[in-house]
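Heads up, the thing below is written out as structure tokens.
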Amino acid sequence: MPVLGLDVTVPLADGRRLQYAALDQAASAPVLRQVWDEVAEYVPFYGSVHRGAGHLSRLSTELFEDARESVARFLDCREDDQVVFTRATTDSLNLLASALPEGCRVYVFETEHHAALLPWRGAEVTFLDAPASPAEAVARLREALAAREDDGPALVCVTGASNVTGELWPVRELAAAAHAHGARIVLDAAQLAPHRPVSVRELDVDWVAFSGHKLYAPFGAGVLAGRTDWLDAAEPYLAGGGASRRVLRREDGGLDVEWHTGPARHEAGSPNVVGVHALASACRALAEADLAVLAAREEALLGRLREGLAALPRVRVLSLFGDQAPRVGVVSFVVDGLDGADVAEHLAASHGIGVRAGLFCAHPLVRRLLGEGPDAAAECGAGGASPLDAVRASFGVGTPVEHVDRLLGALAELTGATS
């Protein structure tokens, strides 16, 4: 699948220019050519969404609502599920957190991205220790849920694929464990959806959240899709135009507000129609692609990268479930004796390679994998305070083999594997 940016060259420290090797796609993936073409075709007809009487407004509204249907088909949603458009996965999970019923308890593994670890500030949260295997993850969740002292509402939040190790989590089994104990489950599919099909029905999850910018679409749109009852019962995520059905002034000077139900309840303000259109376009492009071919190519690239890293001295790949665990195209590693930020800077300045360094907004997991103590301090993002920052390389559908080989060659030179 063609992506934009493969012809971009970047300056090196020695003054040369080189084709950019985009190996930080777990953060933001390049835009699919098909997505950009569809966005460019629409932009001249851009108009206000909902309530406008003009032709462009009607066209934009139709496109916006059609995007909802495209996303629902991409996720294989149930007939009564709803698709709410947000800014990104983080926004989606914060929206769900704002809609939790009173007294809801949340269960989340310490291995999650901060987007899944941090939104539940108004709830009772049980943080589960990192499991050593998928089976242990299921057993640990079952044990925690069985220990509940009441039968009140409960929610499990789990990733589909780790943004640190790329390892796949046993989502269907975790969903079954949650439902067996009267809990619901939300799937963070930010890293899973760009690499594997995500079926709400087959996985039997209650909600799924993901981001367009990781799914080969620009412009910052995200999705929360799933059950309606908690969302319809909650106060609107944002109060404003579009979320309200009717607003009346009372005699005492206050306001009576009747809020919408359904997606509009939590989509106040002028929506990001271009971003939503781009996200839906990416969903359609991936749904129409030969997934078997894409998966086989990714597995080949992943095997090439992991085998190459394993052959390098001083390089240690980070893993939670072990070398044989299935995973997507995300690999994190450390180079003994070198700070991850320095490695990333060298790769960029000398080889035109873009990777990520740091703790990847998953501090508890990366610290555990690095063997750091719980009191270690580091900032989220490249650099930070830790001398043991990791390096992450990640790729997707448009990644050339040469980019992976260039990374391995640069690391071989850096670690002394080549003269």
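Details
- Cβ-Cβ under 7 Å pairs, at least 6 apart or on other chains, region 25-42 side within 18 Å of Gly354 (Cβ to Cβ), far side of a type in the set (A, V, I, L, M): Ala26/Val330; Ala29/Leu215; Pro30/Val3; Pro30/Leu4; Pro30/Ala22; Val31/Val3; Val31/Leu4; Val31/Ala217
- Residue that is surrounded by fewer than 15 Cβ atoms within 10 Å (Cβ to Cβ) and in a helix (DSSP H, G or I), where the choices are Ala287, Ala239, Ala280: Ala287
- Within region 311-333, residues that are more than 22 Å from Ala137 (Cα to Cα) have Cβ atoms under 7 Å from residues that are at pLDDT below 95 and buried (at least 22 other Cβ atoms within 10 Å of the Cβ) in no pair, counting only partners at least 6 apart in sequence or on another chain.
- Residue within region 211-227 that is at pLDDT below 95, touching a helix residue (DSSP H, G or I) at 6+ places or on another chain (Cβ under 7 Å), surrounded by 15 or more Cβ atoms within 10 Å (Cβ to Cβ) and more than 17 Å from Ala88 (Cα to Cα) present: no
- Restricting region 198-236 to residues that are of a type in the set (S, T, N, Q) and part of a loop (DSSP other than H, G, I, E, B), the residue that is farthest from Ala287 (Cα to Cα) is Thr228.
- For region 40-68, residues that are of a type in the set (A, V, I, L, M, F, W, C) and buried (at least 19 other Cβ atoms within 10 Å of the Cβ) total 4.
- One residue from Phe85, Phe109 being buried (at least 17 other Cβ atoms within 10 Å of the Cβ), without any contact (Cβ under 8 Å) to a residue 60 or more places away in the chain and either in the same structural domain as Asp206 (by TED's automatic domain parsing) or touching a His at 6+ places or on another chain (Cβ under 7 Å) (or both): Phe109
- In the condition set (1) at pLDDT 95 or above; (2) farther than 30 Å from Leu291 by Cβ; (3) assigned to a loop (DSSP other than H, G, I, E, B), Gly396 is compliant with all but (2).
- Candidates Ala325, Ala268 - the one that is in a loop (DSSP other than H, G, I, E, B), in contact with a Pro (Cβ under 8 Å, 6 or more places away or on another chain) and at pLDDT 95 or above: Ala325
The values are calculated or read from the model by the stated rules, or taken from the named source; none is laboratory data. Owing to the predicted nature of the structure, the values given are computational and were not obtained by experimental measurement. Cβ sites come from the backbone with ideal geometry, for glycine too, and all protein chains shown count toward neighbours.
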